[in-house]
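Chemist: Please read through the structure below; I'll follow up with questions.
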Amino acid sequence: MPLVLVHGLWDTPQLFRRLEEQLAGRRDPLLIPHLPHGLGTRPLLELAAQLGAAVEQDFGPSQPVDLLGFSMGGVIGRSWLQLLGGHRRVRRFISVGSPQRGSWVAWPWPRRWLASIADLRPGSPLLQRLNADLSPLQGIDCCSFWCLPDHMVVPSWRGVLPIGRRQRLPVWNHTHLITRPEALQPIVAELLRL
């Protein structure tokens, strides 16, 4: 089954290089779309629509896929799933260090300049919409990975989906969640689980 990886703010598809190496072709075909955030100016729903278009372009309108989002990419993926119909084709959704319940780090940033960051404020209109109706996630196998000393998702326990399994990873910062062997090993195991 195809796997789609969604990067976070100020990242590129290159972020997933180590994960790709660990997967060693065992999850092909693989799609890692580049979703430029415009330094945080583009609203997350706009990026979610771009994600949906990339999935449809590569896999057609109905091919089931698995989805992994890192950091802001997890909220982009969730927005596509819940608000733009992605739930109809996603079998498994893996959120890695994503501020699914918001992050206090996003509080000081004004929406008119940094819309995507403002979307991650606790209680933002986007997060309220996502949390108001969890039914699109009910038929999807959801899993969240997080770490305690996450400097981007504050407090770090907000970096999990409201449903599904949760696993705390033994790493010491946000970036390590997708780059360190001790984090990649359980993530790869989840991606290879039947």
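Chemist: Among the residues of segment 166-194 satisfying the criterion of being assigned to a helix (DSSP H, G or I) and among the polar types (S, T, N, Q), which is nearest to the chain's Cα centre (by Cα)?
Modeler: Filtering segment 166-194 for residues that are assigned to a helix (DSSP H, G or I) and among the polar types (S, T, N, Q), the one nearest to the chain's Cα centre (by Cα) comes out as THR179.
Chemist: Give just the number: which of (1) of a type in the set (Ser, Thr, Tyr); (2) without any contact (Cβ under 8 Å) to a residue 60 or more places away in the chain; (3) under 15 Å from GLU46 (Cα atoms) does SER124 not satisfy?
Modeler: Unmet condition: (3).
Chemist: Being touching a residue at least 24 places away in the same chain (Cβ under 8 Å), aliphatic (A, V, I, L, M) and crowded, with 19+ Cβ neighbours inside 10 Å narrows it down to one of LEU30, LEU44, LEU84, LEU39, so name that one.
Modeler: LEU44
Chemist: Name the single residue, out of those in segment 139-165 being buried (at least 19 other Cβ atoms within 10 Å of the Cβ) and of a type in the set (Gly, Ala, Ser), that is farthest from the chain's Cα centre (by Cα).
Modeler: Among residues in segment 139-165 that are buried (at least 19 other Cβ atoms within 10 Å of the Cβ) and of a type in the set (Gly, Ala, Ser), the one farthest from the chain's Cα centre (by Cα) is SER156.
Chemist: Is it the case that segment 11-24 has a residue that's surrounded by 24 or more Cβ atoms within 10 Å (Cβ to Cβ), touching a residue at least 12 places away in the same chain (Cβ under 8 Å) and under 21 Å from GLY159 (Cβ atoms)?
Modeler: no
Chemist: What are the residues in segment 102-123 that are buried (at least 20 other Cβ atoms within 10 Å of the Cβ) and either assigned to a loop (DSSP other than H, G, I, E, B) or small (Gly, Ala, Ser) (or both), if any?
Modeler: Answer for segment 102-123, where residues must be buried (at least 20 other Cβ atoms within 10 Å of the Cβ) and either assigned to a loop (DSSP other than H, G, I, E, B) or small (Gly, Ala, Ser) (or both): GLY102, SER103, ALA106, LEU114, ALA115, SER116, ALA118, ASP119, LEU120, ARG121.
Chemist: Can you tell me which residue is farthest from TRP104 (Cα to Cα) among those in segment 125-161 that are among the aromatic types (Phe, Trp, Tyr) and touching a helix residue (DSSP H, G or I) at 6+ places or on another chain (Cβ under 9 Å)?
Modeler: Across segment 125-161, the extreme among qualifying residues is PHE145.
Values in this text are rule-based calculations from the coordinates and carry no lab data. Here the structure is a predicted model, which is why all the values come from computation and not from measurement. No Cβ is skipped: glycine too gets one built from the backbone with ideal geometry, and neighbour counts run over all protein chains shown.
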